[in-house]
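Every number here is computed from the coordinates shown, using simple stated rules; none is lab data. None of these values were measured; they are calculated from a predicted model. Here the Cβ positions follow ideal geometry from the backbone for every residue, glycine too, while neighbour counts run over all protein chains shown.
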Amino acid sequence: MELECLGASGEVGRSAFLLHTDKKIMMDYGIKLFDESGTAKFPVESIDPDMVVLSHAHLDHSGCLPMLSKYRWYATPPTRDIVDVLWKDSMKIMGEGLPYTLADYKRALKKWTPLLYEQTIRTGETEVTLHDAGHISGAAMVDIEYQGKRVFYTGDFKCQDTFMHKGADYYEDIDILILESTYANREHPKRSDTDQILMDNVYETIDNGGNILLPSFALGRTQELIATIRNYDKEIPVFVDGMGREITRIYLDHPRYIRDAKAFRRAVKSVRMVSGIPDKKSATREPSIIISSAGMMNGGPILNYMFHSNAQSKLIFTGYCVEETNGWLLQHKGYIIRDEEELHVDLPWEYLDFSAHAGRADLLNFIKHANPEKIILVHGDDTQGFATELNEAFGYNAIAPKEGERIRI
């Protein structure tokens, strides 16, 4: 067996890994939207897989899959419905900057084959099974067996329970572990403590007559924030704007992929999905919580809400902002860029860690349970540093592949 690392090697973004057994299995085919060059980056091309398995819908894992539109691909039902929305949005925003066409997008959707959690399919002598990754709706870890060897690709995963999802399980007797390492060098704070800080900010701001502005990723974070806020308070006005509205409807269409679907349905019914100008005006006219894309503030309705909120309002970031995005600029330099102009932002802000990725302790625990012969570290900014630590301090056989590297398994 061999593994070709076509992306997410020494970087976060554009996950793409081609596993050679008796078949060629493409695991993810994503895009890197925010690169140092200022342009999107795509995976290494020139591949001819026998099948494609998509771990989940985030664009850094799914964004280039329409390039492989002539191949059959497997994913959970929520993943299929979500990528339909994300791919269309990408084409609207990036246009000719994408390496695929509208025809590719339509053909790719027709090539989807559903694969459910714990369902095993066989191709040649290779077996493929998906497990719940606890990351977003439909997210899966890919478990592959061939000639008595077990290759396990985690994709993005989280082991701790959240309001939306049950945490991923640990797995044993893994030979080759392909492990995401986004947070290999840091731990996430205790979630209940983060929730308390969020709600303290909410009550203080609402009491002062302001708006809590939550720039939010449409996929995953918007739904988690709705569920979190309604778990603690059923009455505070909550407005939801941007693509998160449509993604939330998809979540409700697949209740089996939600930890407590009934509670989430009640929470969604209690918030106001913004559908026009009157709703937007209402959101800032009264003290309220506004959850809106874009999470990194590079576009989306959140910018308008920021400029129409009163001085008692506050911004709370709940996700990572890539360098030079508006969210990063505001946090580090106090301004954003709009229409090529620098605009100073007076509103106070705070960052709270609501990450849907495994923290350092969970990564180490996952490795301990798996006890693999070899660890291939991907999807991280310092995979080499983590590999060195695992080898020298823990005695594992860990490697950090480079872009385009082919690893003999």
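Some notes on this structure:
- Working note: 222 nm ellipticity from helices only, DSSP H runs with n ≥ 4, each -39,500 (n - 2.57), summed and divided by the residues of the chain, gives -9500 deg cm²/dmol to the nearest 500.
- Here the gap between E286 and H369, fully extended at 0.36 nm per residue and compared with their Cα-Cα distance, gives a gain of 24.8 nm.
- Per residue, the average separation of C-alpha pairs within less than 8 Å and at least 6 apart gives the chain a relative contact order of 19 percent.
- Take each peptide in 235-245, 137-147, count the other Cβ atoms within 10 Å of every residue, and average; sorted highest first, the result is 137-147, 235-245.
- Shape of the stretch 256-397, Cα gyration tensor, a/c cut at 1.5: oblate
- Take the Cα of T113, step 7 Å toward its Cβ, do the same at Y232, and the gap between the two points is 4.6 nm.
- Each of D253 and E172 was given a label point 7 Å from its Cα along the Cα-to-Cβ line. The distance between the two points is 4.0 nm.
- Using only side-chain charges placed at the Cβ, +1 for Lys and Arg and -1 for Asp and Glu, the dipole size of the stretch 191-351 relative to its Cα centre rounds to 940 debye.
- The mean sequence separation of alpha-carbon pairs under 8 Å and at least six residues apart, normalised by the residue count of the stretch 191-351, gives a relative contact order of 31 percent.
- Computed from point charges on the beta carbon alone (+1 for Lys and Arg, -1 for Asp and Glu), the dipole magnitude for the stretch 44-187 about its Cα centre is near 680 Debye.
- Summary of the geometry: the stretch 179-247 and the stretch 45-71, compared by the centres of their Cα atoms, lie 31 Å apart.
- Highest to lowest packing among 209-219, 347-357, scored as the average C-beta count within 10 Å: 209-219, 347-357
- GNM top mover of E96, E224, E187 - the chain, alpha-carbon springs below 10 Å: E96
- Projecting the Cα atoms of N304, V268, N201 onto the charge dipole of the stretch 191-351, computed from C-beta unit charges around the Cα centre, puts V268 farthest toward the positive end.
- Listed residues Q223, A283, P255: farthest to the positive end of the dipole of the stretch 191-351 (Cβ charges): P255
- Nitroxide proxy distance, nm - points 7 Å out along Cα→Cβ at K149 and K190: 4.4 nm
- Length-normalised contact order for the stretch 141-212 - Cα pairs under 8 Å, 6+ apart - percent: 22 percent
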